[in-house]
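Beneath this line is the structure, given in structure tokens, with notes to follow.
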Amino acid sequence: MITQVSPLTTEQPLNEGWSISSLASAQDARVSVPFPIPGDLHSALLAEEIIADPYWRDTETSLDWIHESEWRAETRFTFDGDPADPHVLTFTHVDCQAIVSLNEVEIGRCESQFLRYDFPLGSALKKGENRLVVRFLSNSRAALSACKAFPFAVPYIFWNCRLPHYNFLRKAQCHAGWDWNIALSPLGIYGGVTLRRINKLRLDDLLVRQHHEEGRVLVDMTIHYEAFEPAELTLAANFDGRVVSDLVTVWPGKGYASLQFEVTKPRLWWPRGQGEQPLYDLTVMIDGLSISRRVGLRKVELVTDQDSVGKRFAFRINGREIFARGANWIPADALPSRATPEAVRDLLTSAVEANMNMIRIWGGGQYEEDWFYELCSELGLMVWHDFMFACNLYPAADHHWLDLVRREARQQVRRLSGYPCMTLWCGDNELVGAINWFEESKRDRDRYLAMYERLNFVLEECLLEEAPGIPFWPSSPSVGPFNFGDGWHDDTAGDMHFWDVWHSAKDFEHYRTVSPRFCSEFGFQSFPSMRVIESFTEPEDRNVSSPVMDVHQRNEGGNSRIVETIARYFRFPDSFAEMVYLSQIGQGLAMKTAIEFWRINKPRTMGTLYWQLNDTWPVASWSSLEYGGGWKLVHYLARRFNAPVLVSAQPAPDEGLVIIHAVNDTPEPVALTIRFEAVGMSGAIRSLGEFVIDVPTDRSVEVASLTLEEIGADAILHFSWRSANGAITGENDYWPKRPKDYRLETPVIEATERTTANGDTEIELRTDKPAFFVTYHHGGDRLYSDNCFTLLPGRPRHLTILRQRRSHLPPITAEVDYLKG
Ligand code: BMA
């Protein structure tokens, strides 16, 4: 046992003083600009006004010369140490193909955005001034030559990706464009650059594992290293102030060593809404080097037992099954420099404010930086993590490519092992389905399925060997291991992507035809707020079918689908701004229909993750947070339909009934009093009675049923609930017919903003006629306690400020919107 272990003093960050210039540019003019690290090239060029804003109108394709060119980034640094000592240069997340040299000596090559590289410096390091150069190759050209060199065709999802063959690169696949993303193909250094002096070994990775038993947790910390000489060294760990250590003997070559200790009476980490989120600081040290992590203690299981329907799909945390409510995460910005911790914190905070407890990091994006997972752990957000493969076929018959994947999987699994938010590792996004999408793979399914299985096997094997205690799921969607069936339509087992409503233009009601075990993707598009639209358009572009609005819609026919759906549910809007508002209500209704139905299917259904939480640029998309983080209306609806305790009305058309269900995702049973009313369009409110019901935690319950006659032809059903002590309250509506089938009256709505006695801002909203989807201040930076709700005469509503966001957009004036007849 040692009492004093000093972490290293031998790291020198080299993030300062970088510049970048074009080489072999597709444009004649040479360009040279400062290059802030971490950061991307487009952002650096934009900061110096060399390029126009990539998000403005249709600027995108005029910037293709950037990814078609080569670039040289360089910095100079002074080194005061002894160059004879062994040193490595560590790069985290270089995007993507690059040659690194120090003082004109090539020290290594980067080939993957998803790998950390540690380059030994040998004799290249000098005392005094050193010149470090990263020569970025053109990723687009590298993709093309890798494709040409491959012995047979490996198609990519060409209807999403404007830039071809990026399936040959280990780079975020959406960088080539996606059905919501601009195709900029950014490049840069997104992590850090560090010079590290090493002594007898290089410390590479830390794997944290935990074994839970009654009243105690055994924590295992395994370091992976490469040693350069035989030595006996002290391996020490500091866990929340408690130090353990051991002597380890290392031999030249790669190796690992472990330390264990026991935590008695552990304070467990829980997903949001289930308990606390205690985190501990952990530092592991050896030979003057160290790795630090914030870790948490929890046990994760994926329940896939057989039941009468098929196979279950549920997450069990610390022995408790938890219904997952959440959304899919894509990279925070198409310009990586803008994905700052502050911007990401805002997005993830919005997720928990909408009562989410899980996000899925989608496989066409990227592994995030450590602070991202710390943040999710702090917020109690469970993370379903795809490995980074999506919607393509992949060249897994190439051993070099597969080796890059193997290294990537090991590094990432170890790096993320201690974060308690980590709940699932999933092989990929939609690779099983993709085998059926391309002519080549339809013709020769055997070949492409075998190649897929090589890739999937490598990922599974990595999880099994590292055994971080985080379950593996082969793909999303997947009916189950070694089942290459249709995860888009089979609702008996596995996770499901249910896209028939958006991609096949079915009615929202069609969501009620399936009962997924876990729906990990489904979504409906809307336009971003007028404020965001104004940020990328000229006034002449502000029309749903203008060419610029088409550029900012990446799913072919998407804008027409939005408009056509609006016409199915609502009377046609009079203006562009109303179209934008209605598109968001349409999206809200779609998600409300799906999520309420699937939540009341608990425990058959145990999770709903809609597509998609955020946007990478200003675009019409399935997101609930628009570019910049503002809340679309669906996000306010999500705050209600994701509430841990929910009462929902569902149609039983064959019996002419509306059936009321209640579901409770909190850890304790709850007794609810539910009050029902019929609200006529003219303002008459009729009581339909009150019910008291106990709602358990493990399944939804049926509360009551009402006939359509009881509700009445020109009325909607409005209901509200309250727990005995008033701690839980909520309200909801059910529209027996589509909104356009009602004659909506024109309300006069008064909004009064005032400061309360304790200095808070409060907004009072009053109406003389029933008003629906009433929205105060749509698209602003102030987030409200509630919004986009039913406002009834004689029942004023009081909104408080939930949070004041900060935004890059000019402020907007507060206005009230509502559904027009
Ligand atoms: C899903 C995703 C993405 C896509 C979305 C919308 O299947 O996995 O590939 O953006 O559909 O089409």
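The values are calculated or read from the model by the stated rules, or taken from the named source; none is laboratory data. No experiment lies behind these values; they were computed from the predicted model shown. All Cβ positions, even for glycine, are placed from backbone atoms using ideal geometry, and neighbour counts span all protein chains on display. What goes into the accessible areas is simple: the full protein's heavy atoms, side chains included, and nothing from ligands, DNA or RNA. Shrake-Rupley method; radii C 1.70, N 1.55, O 1.52, S 1.80 Å.
Observations
- In the set (1) of a type in the set (D, E, K, R); (2) within 16 Å of the ligand (Cβ to nearest atom); (3) within 30 Å of Arg640 (Cα to Cα), the condition left unmet by Glu378 is number (2).
- Taken together, Leu348, Leu393 contain a single residue that is in contact (Cβ under 8 Å) with a residue 12 or more places away in the chain, in contact with a strand residue (DSSP E or B) (Cβ under 8 Å, 6 or more places away or on another chain) and open to solvent by less than 30 Å² (accessible area, probe 1.4 Å), which is Leu348.
- Among residues of segment 304-331, those that are within 23 Å of the chain's Cα centre (by Cα) and either surrounded by fewer than 19 Cβ atoms within 10 Å (Cβ to Cβ) or within 16 Å of the ligand (Cβ to nearest atom) (or both), counted: 8
- Within segment 506-528, the residues that satisfy the criterion of being in contact (Cβ under 8 Å) with a residue 40 or more places away in the chain, within 25 Å of the chain's Cα centre (by Cα) and farther than 12 Å from Val619 by Cα are Phe508, Tyr511, Ser515, Pro516, Arg517, Phe518, Cys519, Ser520, Glu521, Phe522, Gly523, Phe524.
- Cross-chain or 6+ apart pairs with Cβ under 8 Å, segment 609-633 first and closer than 27 Å to Ala314 by Cα and in contact (Cβ under 8 Å) with a residue 60 or more places away in the chain, then aliphatic (A, V, I, L, M) and open to solvent by 10 Å² or more (accessible area, probe 1.4 Å): Leu613/Leu347; Asn614/Ala332; Asn614/Leu347; Leu625/Leu347
- Residues in segment 381-431 that are aromatic (Phe, Trp, Tyr), in a strand (DSSP E or B) and within 16 Å of the ligand (Cβ to nearest atom): Trp384 only.
- Only one entry in Gly759, Gly780, Gly794 is loosely packed, with under 13 Cβ neighbours inside 10 Å and over 16 Å from Ile749 (Cα atoms), namely Gly759.
- Qualifying residue in segment 649-662 (condition: open to solvent by less than 10 Å² (accessible area, probe 1.4 Å) and under 23 Å from the mean Cα position of the chain (by Cα)): no
- Considering only residues in segment 75-105 that are part of a strand (DSSP E or B) and open to solvent by 50 Å² or more (accessible area, probe 1.4 Å), the one that is farthest from Leu115 (Cα to Cα) turns out to be Thr78.
- Any hit, segment 623-639, residues being farther than 20 Å from Leu381 by Cβ and part of a strand (DSSP E or B): no
- Here His165 meets each of (1) more than 16 Å from the ligand (Cβ to nearest atom); (2) out of contact with any Cys (no Cβ under 9 Å at 6 or more places or on another chain) with one exception, condition (2).
- Residue within segment 261-270 that is closer than 18 Å to Leu203 by Cα and open to solvent by less than 30 Å² (accessible area, probe 1.4 Å) present: no
- Any chance Val548 is at pLDDT 95 or above, in contact with a Gly (Cβ under 7 Å, 6 or more places away or on another chain) and not in a loop (DSSP other than H, G, I, E, B): no
- Cβ pairs under 7 Å, 6+ apart, first in segment 440-452 and of a type outside the set (Gly, Ala, Ser), second open to solvent by 20 Å² or more (accessible area, probe 1.4 Å): Glu440/Ala153; Lys442/Asn436; Leu449/Phe484; Met451/Ala397
- Flag if Arg531 is more than 13 Å from the ligand (Cβ to nearest atom), under 22 Å from Met606 (Cβ atoms), in contact (Cβ under 8 Å) with a residue 40 or more places away in the chain and not in a loop (DSSP other than H, G, I, E, B): no
- Exactly one residue among Ser529, Ser476, Ser535 is within 19 Å of Trp611 (Cβ to Cβ) and either open to solvent by 20 Å² or more (accessible area, probe 1.4 Å) or not basic (Lys, Arg) (or both), and that residue is Ser476.
- Taken residue by residue, segment 362-369 has no member that is among the hydrophobic types (A, V, I, L, M, F, W, C) and surrounded by fewer than 24 Cβ atoms within 10 Å (Cβ to Cβ).
Conditions (1) of a type in the set (A, V, I, L, M, F, W, C); (2) in contact with a helix residue (DSSP H, G or I) (Cβ under 6 Å, 6 or more places away or on another chain); (3) open to solvent by less than 30 Å² (accessible area, probe 1.4 Å); (4) farther than 22 Å from Glu111 by Cβ, marked per residue:
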residue	(1), (2), (3), (4)
His399	no, no, no, no
Ala409	yes, yes, yes, no
Gly418	no, no, yes, yes
Trp425	yes, yes, yes, yes
Val432	yes, no, yes, yes
Glu453	no, no, no, yes
Leu464	yes, no, no, yes
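- Out of Asp240, Asp220, Asp179, one residue alone is within 16 Å of the ligand (Cβ to nearest atom) and open to solvent by 10 Å² or more (accessible area, probe 1.4 Å). It is Asp179.
- Comparison of Ser140, Ser185 shows that the only residue that is within 22 Å of Ala98 (Cα to Cα), assigned to a loop (DSSP other than H, G, I, E, B), of a type in the set (Ser, Thr, Tyr) and at pLDDT 95 or above is Ser185.
- Matching residues, segment 480-492, being crowded, with 16+ Cβ neighbours inside 10 Å, more than 22 Å from the chain's Cα centre (by Cα) and either closer than 23 Å to Arg410 by Cβ or within 16 Å of the ligand (Cβ to nearest atom) (or both): Asp490
- Qualifying residue in segment 750-764 (condition: free of Cβ contacts under 8 Å to residues at least 40 places away in the same chain and within 28 Å of Thr666 (Cα to Cα)): no
- Scanning segment 493-520 for residues that are open to solvent by 10 Å² or more (accessible area, probe 1.4 Å) and near the ligand (Cβ under 9 Å from one of its atoms) turns up Trp499, His503.
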